[in-house]
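A.B. asks: Quick one: structure below, then a few questions.
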Amino acid sequence: MSQAILFLNTQVKLSEQEIVSLLLQQDERGFNYLYDNYSAAIYGVVTRVVASKDYADEVIQDVFVKIWKNIAQFDAEKGRLYTWMINLARNTAIDYVRSKGFQNEQKNQSIPDFVNDSNQYSTTANVDHIGLKDVLAQIKQDWRELIDLAYFKGYTQQEIAERLDIPIGTIKTRTRNALIELKRLLKDHR
């Protein structure tokens, strides 16, 4: 093992393979490096779906536990570690929001007086270090809305169709076209 891995700190830059290797060995230094360098991005994804800091913290903890326990499922042939973690975070947040316990808890809460002042009490983090907002700004507004509903708010295509009062086939076609355009833009963005 190289000296860089033996003395991990925030100044050391590890490759994806080194991080995965440490995690596969259940080495806490790999986990600490992962948390120090990726928690902000994961927090941003989770808060886009969950929107409450208390719940987001719970989901983020769950995401990192899943990464730790399921790192063997990561396949470098299928994509990057960062993408795998972001998808895991998004899916975990969506599962949490859709859970019966969360739904029941939301129904039983009283409405606070400051409910209409969402900007002052917002817990959404401004985590866009990869420039996703800039890339999304380059696609059609209709497509941007679909991406937001599907990927950041966790709606299914059927739910989007009902919400927007658009046929499901149109939603599927627009979503496919939006993803093709995003793929093209992200390839150029690198």
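The values are calculated or read from the model by the stated rules, or taken from the named source; none is laboratory data. As the structure is a computational prediction, the values presented were derived from the model and not from experiment. Side chains are part of the model used for accessible areas, which takes the heavy atoms of the whole protein and leaves out ligands, DNA and RNA. Shrake-Rupley method; radii C 1.70, N 1.55, O 1.52, S 1.80 Å.
A.B. asks: Report Asp36's accessible area, 1.4 Å probe, all protein chains in place, as a number in Å² to the nearest 10.
C.D. replies: Its heavy atoms expose roughly 100 Å² to the probe.
A.B. asks: Below 23 Å, Cα to Cα, which lysines can Lys53 reach? Residues fewer than 8 away in the same chain don't count.
C.D. replies: Lys66, Lys100, Lys107, Lys133, Lys153
A.B. asks: Find how much the distance from Leu24 to Ala72 grows on full extension, using 0.36 nm per residue of separation minus their present alpha carbon separation; answer in nm with one decimal.
C.D. replies: Here the answer is 16.6 nm.
A.B. asks: Given the whole protein assembly as supplied and a 1.4 Å probe, what does the accessible area of Val63 come to in Å², nearest 10?
C.D. replies: 0 Å²
A.B. asks: Any chance you could run the full-extension gain for Arg98 through Lys133? It's 0.36 nm times the residue separation minus the Cα-Cα distance, nm to one decimal.
C.D. replies: That works out to 10.0 nm of additional length.
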